[in-house]
Amino acid sequence: MFIYNTLTRKKEEFKPLNPPNVRMYVCGPTVYDYFHIGNGRTFIMSDIMRRYLEYAGYKVTFVMNLTDIDDKIIKKSNEENIPSSAVAEKYINAFMEDLNKLKIKKADIYPKATENITDIIDMIKKLEEKGAAYSAEGDVFYNVSSFKDYGKLSGKKTDELESGARIEVNDLKKNPLDFALWKNAKPGEPSWESPWGKGRPGWHIECSAMSCKHLGETIDIHAGGNDLIFPHHENEIAQSEAANGAEFVKYWIHFGFLNIKEEKMSKSLGNFFTAREIVKKYPAEVLRLLFLQTHYAGPLNYSDELMESAGKGYEKIRNLVSRLKEKISVSPEGEDKSGFDFESFLNKFKAAMDDDFNTPKAVASVFDYAKEINAFIDKGDNLPKGFFENALKTLSVTADDVLGIISKDEEIKQGDNKLLEDVINLVLEIRSDAKKNKNYSLADQIRDRLTGLGVIIRDSREGTTFKLK
């Protein structure tokens, strides 16, 4: 298995620190609003990576932080005249709801900045003791000049960097590149006691402290969007390695931007869609499939046309699942002796994912498999139940367990509403009797009326089955 490492700028064989355990940290949201689908790309693709690592036999400890104190949260609290904690709670709840809608597995731990203030202060004190940080009138800054490897992740050189839009200008700093570890309390803002007076943590130190607390001084994988490489992840490295005297992360993974008309999707530009808006219009599986068809590191354009195209692919997979379930319900008992090469598909799928999580190739292998299975069924005669069970299981462990592009809607609609299912079967019995009595007009009328209500009828040699549209 090979992963492209942003730090070394090359693909490297994946060798966990303590196999089969894998420690993975992903930068989560600042909870002041609903997240947009550009953020959603990071959350979905890191979810798929985690799922694949588990499929490959690793035991993953997955941590995603929640930044619940920040300038943007304070601004929102002032606008809505409610405490910043209420803003954070509202959008944390919304975040969890949206993750669920997007079929993203829950992290093992969601540490909040406000619940780890003691650990953050302890790390700042350690940096101060080692000469990597200094205080000035209640603020504490990281001394970038003290870390000789600063810039190793982004490739930026400290002597070429200048104070800019992404760097806070502050007369208290020794160097314009120094960044805040602790911010002196301003009137009316949330604050905590510290050795430097009341204040709150800077954004960068939160991730370093929480990652170290929950995963240890050195972790296997740290992931996030491309826009976090500098300064956020660069600063995390400087803080963590200066404090602990150990390598911070073995493999850095970064996700490409999601663009609208070739322009990065962002809240500041106003060209964004929230995840909850999208799932009202399309199934979550369609958005996941759209993301999967481009390599995680590359840019991806979003459009309704591309979503419609992904929707057609999703229907192909959905139709195969329905067909296999129908066949399982009506086929004769028996072991699978068909000779179909399921192993070949699984090997292609694994080879694609082992090559830096190459999801476009993995998805292509799923569609090839669907085509081959459908053709095999069309040619086969009296295939046993065991074949269809194997076919469905093989699809499920890849397209569902790893990629998350198989919908459970059909099972819920038909399985959880027994009365509805019984009524439809009763109508189908009446239709069957009409056909036996050669009353084809009535049979066709029943079929057409059911279709109009969203009940899709399938007639075959084994009998009549239905699915809900």
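Computed from the coordinates by the stated procedures, all read-outs in this text should not be read as laboratory data. Just so we're clear, the structure is a prediction, and the values are computed from it rather than from any experiment. All Cβ positions, even for glycine, are placed from backbone atoms using ideal geometry, and neighbour counts span all protein chains on display.
Some points to look at:
- Which of Ala94, Ile373, Phe342, positive extreme of dipole for the chain (C-beta unit charges): Ile373
- Computed P(r) (all Cα pairs; region 146-270; 10 Å bins; percent): 11, 36, 35, 17, 1
- Leading residue at positive end of dipole, the chain (Cβ point charges), from Ser77, Pro20, Leu172: Pro20
- Given (1) 27.0, 93; (2) 22.4, 72; (3) 29.2, 132, the label whose value is Rg and Dmax of the Cα atoms in Å derived from this model: (1)
- Backbone N under 18 Å from the Leu419 label point (7 Å along Cα→Cβ), restricted to region 430-469: none
- Label separation (Lys325 vs Asp401): 1.9 nm, computed from points 7 Å beyond Cα along the C-beta direction.
- Span-rule helices in the chain, defined as complete DSSP H runs reaching 24 Å or more along the axis (Cα) with Kyte mean at least -1.0: 37-55, 84-101, 304-330, 359-379, 418-436
- With R₀ set to 30 Å, the beta-carbon distance separating Thr218 from Lys157 gives a calculated FRET efficiency near 0.70.
- Order by protection proxy (mean Cβ within 10 Å, highest first), peptides 214-223, 419-428, 200-209: 200-209, 214-223, 419-428
- Förster-model FRET efficiency, 60 Å R0, Lys101 and Lys438, C-beta, rounded to 0.05: 0.80
- Label zone (Lys72, point 7 Å along Cα-to-C-beta; backbone nitrogen cut-off 12 Å) within region 11-46: 28-40.
- Charge dipole (debye, nearest 20) of the chain; +1 at Cβ of Lys and Arg, -1 at Cβ of Asp and Glu: 1020
- Extension gain, Ala375 to Arg449, is 23.6 nm, computed as 0.36 nm per intervening residue step minus the present C-alpha separation.
- Unit charges on C-beta of K, R, D, E only; dipole of region 20-120, Debye: 520
- For the chain, the residue among Asn116, Asn382, Ser441 whose Cα projects farthest onto the positive side of the dipole built from Cβ charges is Ser441.
- Rounded to the nearest 500, the 222 nm mean residue ellipticity of the chain from helices alone is -14500 deg cm²/dmol, with -39,500 (n - 2.57) taken per DSSP H run of at least 4 residues.
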